[in-house]
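Q: For reference, the structure I am asking about is given below.
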């Protein structure tokens, strides 16, 4: 998995949370409109990445596995597939 960037809330120290999603979510909306290039380079919410990783790890769909024994998930799929919604 190679997301374009990961968006979410970053915890810095014990008492500070940086809401990176506030900047990156609008960037994602703009980049989606740029077609294939934008979809492959847009930031993805950390929740979508986590859900995709868990689904891939638990998957028994052999058709999705490449010859190297892993599941390939494109950035575009992370952004558009409803099974990664949270």
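Values in this text are rule-based calculations from the coordinates and carry no lab data. None of these values were measured; they are calculated from a predicted model.
Q: Antiparallel versus total DSSP beta bridges in the chain: what percent is that, nearest 5?
A: Expressed as a percentage, antiparallel bridges in the chain total about 60.
Q: Please give the helix 21-32 orientation as an angle from the longest Cα principal axis of the chain, in degrees from 0 to 90, rounded to the nearest 10.
A: Roughly 50 degrees, rounded to the nearest 10.
Q: Rounding to the nearest 10 and keeping the result within 0 to 90°, find how far the Cα-based axis of helix 46-58 lies from the longest principal axis of the chain.
A: The two axes meet at around 20 degrees.
Q: Let me ask something else. Would you indicate which of [x] 41, 21, 11; [y] 29, 16, 10; [z] 25, 18, 10 is the value of semi-axes √(5λ) of the Cα gyration tensor in Å derived from the coordinates of this structure?
A: Computed from these coordinates, semi-axes √(5λ) of the Cα gyration tensor in Å corresponds to label [z].
Q: Pick from 42, 74, 59 the residue whose mean-square fluctuation is largest in a GNM of the chain, springs joining Cα atoms under 10 Å.
A: Comparing 42, 74, 59 in the GNM, the peak value goes to 59.
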